[in-house]
1. Please compute one quarter of the surface area of the Cα convex hull for the range 35-96 and express it in square nanometres.
2. Any chance you could list P(r) for the range 122-265, counting all Cα-Cα pairs in 10 angstrom bins from zero, rounded to whole %?
3. Using only C-alpha atoms and all pairs of different ones, pull out the Kirkwood radius for the range 213-265 in Å with one decimal.
4. Over the C-alpha atoms of the chain, what are the Rg and the largest Cα-to-Cα span, Dmax, in Å?
5. Short version: ³J(HN,Hα) in whole Hz for each residue of the range 73-83, in order, from phi by Karplus 6.51 cos²θ - 1.76 cosθ + 1.60 (θ = phi - 60°), x for Gly and Pro, what are they?
6. In a Gaussian network model over the chain where Cα atoms closer than 10 Å are linked, find which of 92, 109, 187 has the largest mean-square fluctuation.
7. Test of understanding: in a Gaussian network model of the chain with alpha carbons linked when under 10 Å, which of 57, 114, 218 would top the mean-square fluctuation ranking?
8. Give me the angle, in degrees from 0 to 90, between the Cα long axis of helix 28-42 and the longest principal axis of the Cα atoms of the chain, rounded to the nearest 10.
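Derivation of every value follows stated rules applied to the coordinates shown; laboratory data play no part. No experiment lies behind these values; they were computed from the predicted model shown.
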Amino acid sequence: MNLLTNPFKSLLIATLVATPVAAIAETPEEKGMAISVAAKQSDLGWQDMQAQMNMVLRNKQGQESVREIRMKSLEIEDDGDKSLSVFDKPRDVKGTAFLSFSHAVGADDQWLYLPALKRVKRIASRNKSGPFMGSEFAYEDLSSFEIEKYTYKFLRDEACEGGTCYVVEQYPVDKNSGYTRRVVWLDHNEYRVWKIDFYDRKDSPLKTLTYHGYNEYLGKHWRPDMMKMVNHQTGKSTDLSYNSYEFKTGLTDKDFNKNTLKRAR
């Protein structure tokens, strides 16, 4: 995951290793960037990860449908991460697979394999704001967080579930993003994300994502047991619950290509 590409950002990373965020950042924009870089730096080195996931779709009336998913991720040193998600249940979506190559600069590459059609569909950049498999998560929400994808502004410190949080505004660089901005809450101690508010292209409140039940892995990497996305405009919501996290399992690039989409059953 290529953190940064210009000299100012590279210098900022080096400085962050030894200096608290508040001491080196002067403007709200600099502080927002510094916090985001520190958060990214704090989670480097996990290499690869596998987990089981349940997705609960809930409509405005509270009716639910549940999907079971296997997921894999690969950390890429000079770019965004790669991920593969395979649906196991229910029967009508079994074998559906989603492959995503996140990029620090430029549009992400994403594909969806639809077993009923026996074809791989590429997700166009202009469609990245569309819903993923009927959920309240958009395709762009499934990309890894990369510093270059946003510009930043620190707003305030605020109490949160993780203690005291930095509140940072993030503005997508990609013109095809479905959002004008995201407001993110990250705790002071571990830089864990606790909440994200999403604003649509009209800058109206669209969705809120909250993170719950963090656990630490390998003495450094924090992952939530639950993520809850609520759509304020439709009244729908999607819960993602995770279990059986495994890290450094030996995954390679060969486990993440379009051929694996068809084989991942």
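1. On the way: hull surface 25.4 nm².
With every direction weighted equally, the projected area is 6.4 nm².
2. Bin by bin from 0 Å, the calculated values are 10, 34, 37, 17, 2.
3. Working: mean 1/r = 0.0697 Å⁻¹.
Result for the range 213-265 stands at 14.3 Å.
4. 18.2, 56
5. Result, rounded to whole Hz: 9, 10, 7, 10, 5, 10, 7, x, 6, 10, 9.
6. Per the Cα network of the chain with a 10 Å cutoff, 92 tops the list.
7. Of the options given, 218 has the highest mean-square fluctuation.
8. Value to nearest ten degrees: 60.
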